[in-house]
Structure formats: C-alpha cells, structure tokens
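Here is the structure we will look at.
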Amino acid sequence: MAHNRRVEEAQPLERLFRLVQEGQLRPLQEELGRAEHSRSWQVKTRCPGRGGDTLLHSAARHGHRDILAYLVEAWELDIEAPNRDYKRPLHEAASRGHRDCVLYLLKRGAAVDCLKKGDWTPLMMACTRKNLEVIQDLVEHGANPVLKNKDGWNSFHIASREGDPVILQYLLTVSPTVWQTESKIRRTPLHTAAMHGCLEAVELLLERCHFEPDSRDQCGITPFMDAVQCGHINIAQLLLLKHKACFTAQDILGAQALHKAAVTGQDKAIQFLVTDLGVGVDERVTLTQYTALHYAAKPYIWHVQVNIWPALSFSSNVD
C-alpha cells in the first residue's frame, strides 16, 4: 500500500515537471490549481525531482521566464532552494545562458555568489559558455570574478578554457588582477588556453597579462609543453616568439616537449621540434633514460608514471 501511495504521489509531480520543461504555462496553472488542496504532496516545500530539483530549477534550466515568475510570485517557491548538488536556480539559468531568467532571479534578490557542489558560483558556470551578456549581468550585480572553486579555478581561468577573447577582455577590465591565479596544481590560465588550442586567448594573455616564461605546474609542465603535446603548433610558435619559451625545458621527470609529443602521437609537432628547432631525437628523460622513440613505441609507460592531463581536473563538477 505504501508503494502504491508513493507511485500515486509521483505521477502528478512528473506531469508538473513535464509541463515546466515544455514551457506550458496555462496547463501548469490548471494542474497546480487542481492540486492546491491535495494532501499527497506539497509544492512549496519539497524538492521532488531527480537530483532534488524543484520546479524552479527546471524552469530556469529550460529558460522559461514566465513560468519562473509564476512559480515565484503565485506559489512563493524559494529561489534559493538547493538541489542535491547544492545548485540553485541561478546556477541553472547562468550555465545555460538564459539571460531573462538570470535577470529575473537577480531582481528577486537571488544570491549572486551562491555555491554549488565543488564551490562553483553562477559566474563560473556562465564562463563555461560564450555568453558575454550573462557574465556582464552577474558582474554588474556584484559577482566576484576572483573567487575560486575547490580546484582553485576562478572565473577568468575557466573562461580561458573556452578561449573567447571578448569575455577575457571584459573580465580583465572589471578585475585587472584576475589573471594572477593558479589552480591547486599550479595551472595558470595560460596553461589552459595553450592546452585547448585557444590561439586568440593566448595572444590576449601574452599582451595583457604578465605570466612568467616557462611557468610550471605541479608536474613541471609549461604552457609550451601543453601546446606541443596537444598539437597546437601555432600556439607553440607564438609562445616561442612572444613569451621566449624554452623548447627544451624539462618537467619534474626530466621529460621535454619532444617526449610529450611522442606520447600523444603528434607527428607534426615532433617534426616541428626536430626539423625546425633542432631538438635531438636521442634526448633522454632524466629519470627513466627513455628517448622519444621509447614513448612513441609504448605510450602507456608514460601514463603509469605521470598524469599528463592535469588541466582537465575541473570539468567533473561543471554540470
């Protein structure tokens, strides 16, 4: 009997979430009107959806401002209600780029720097998308670009991964020192932009910021190494020309960019290093004494010894 009762309670809730997702305001109003006096569930206080979402989370996620306003104003749903990941409706609206929902929630007093799982703010979520207007709205309502999440990434660092130079310019304008940041494993925005092949972002970072040449992360990897091991030769060339990068710099194991390009199978990068820059093909890693040929033949050896993708550590808590 208890199971049947739970099923009966879930059915109207599922209908409500479907109507919100589809943006059907009038049918939603009718459904809520019929259920207003029901004892089977309470719209105002429960978080019945998957992951603990409220109807506000769903409305904000799908960009239905009219439904968002109806639920807040007619039913007084809590705009700060967290789901199981501590995500608020403002996180949802910001991450999907729904500007009208973002502005409505901010007007209603939503906390602009609320934290979800992993200590992500709505501004950080917005910076995973190339939506300047939403980012501007959040900053103009007091969002702090220098706050860091649990991995040590601030909003500028996250924006550097997306590589939109207009957004980076804006963040530097409103917070000129925002670039002076490292993740907990000492990754800089320049590392991140170089790894992800964001040429325009790298050009901007070299022009506007003052990163140390060959700055190293916790593994000793430089932005030049990142560019080479991911096959972004144009960025590697830019770092050599504008940043005076050292193409023979070594990481903590004594590996050079050539060894990293061999691991990831970047043939053009290897040719660039050997033919254009004159790197010796027999250079050995200090710790293992392996050459690039060893790593090209057995790339799994490298993965056993060191994690070559530290820049991806933040992505698990974006959604």
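Bear in mind that the values in this text are calculations on the coordinates, not laboratory data. Note that the structure is a prediction, hence the values are computed from the model and not measured. Cβ placement follows ideal geometry from the backbone for every residue including glycine, while neighbour counts extend to all protein chains displayed.
Observations on the model:
- Helical contribution to [θ] at 222 nm, DSSP H n ≥ 4, -39,500 (n - 2.57), averaged over the chain, rounded to 500: -14000 deg cm²/dmol
- Mean separation of Cα contacts under 8 Å (6+ apart) over length of region 211-312, as relative contact order %: 23
- In plain terms, the residue of Cys198, Cys101, Cys246 with the fewest other Cβ atoms within 10 Å comes first and the most crowded comes last, giving Cys246, Cys198, Cys101.
- Rg ratio for the chain: its Cα radius of gyration over 2.2 N^0.38 Å, N being its residue count, equals 1.25.
- Net charge of Cβ neighbours under 10 Å - reference Cys114; Lys, Arg +1; Asp, Glu -1: +1
- 22 Å Cα-Cα threshold exceeded, pairs from Lys117/Lys184; Lys116/Lys150; Lys184/Lys242; Lys107/Lys150; Lys150/Lys242: Lys184/Lys242; Lys107/Lys150; Lys150/Lys242
- The chain - percent relative contact order, Cα under 8 Å, separation 6 or more: 9
- Stokes-Einstein D (µm²/s) once Rh is taken as the Kirkwood radius of region 211-312 over alpha-carbon pairs, at 25 °C in 0.890 mPa s: 184
- Other residues with beta-carbon under 12 Å from the beta-carbon of Cys127 carry, at +1 per Lys or Arg and -1 per Asp or Glu, a net charge of +1.
- For the options Pro145, Pro27, Pro165, a Gaussian network treatment of the chain with springs between C-alpha atoms closer than 10 Å singles out Pro27 as fluctuating the most.
- At most 16 other Cβ within 10 Å, DSSP loop - trypsin sites (Lys or Arg not before Pro), region 155-222: Lys184, Arg186
- Paired Rg and Dmax values of region 189-268, which use every Cα atom, in angstrom: 11.3, 33
- Neighbour net charge for Ala249 - beta-carbon separation under 13 angstrom, K R +1, D E -1: -3
- For region 230-244, the Karplus equation 6.51 cos²θ - 1.76 cosθ + 1.60, evaluated at θ = phi - 60°, returns couplings of 9, x, 8, 5, 4, 6, 4, 5, 5, 5, 5, 6, 8, 10, 6 Hz by residue, with Gly and Pro reported as x.
- Residue order for Asp282, Asp226, fewest other beta carbons within 10 angstrom first, comes to Asp282, Asp226.
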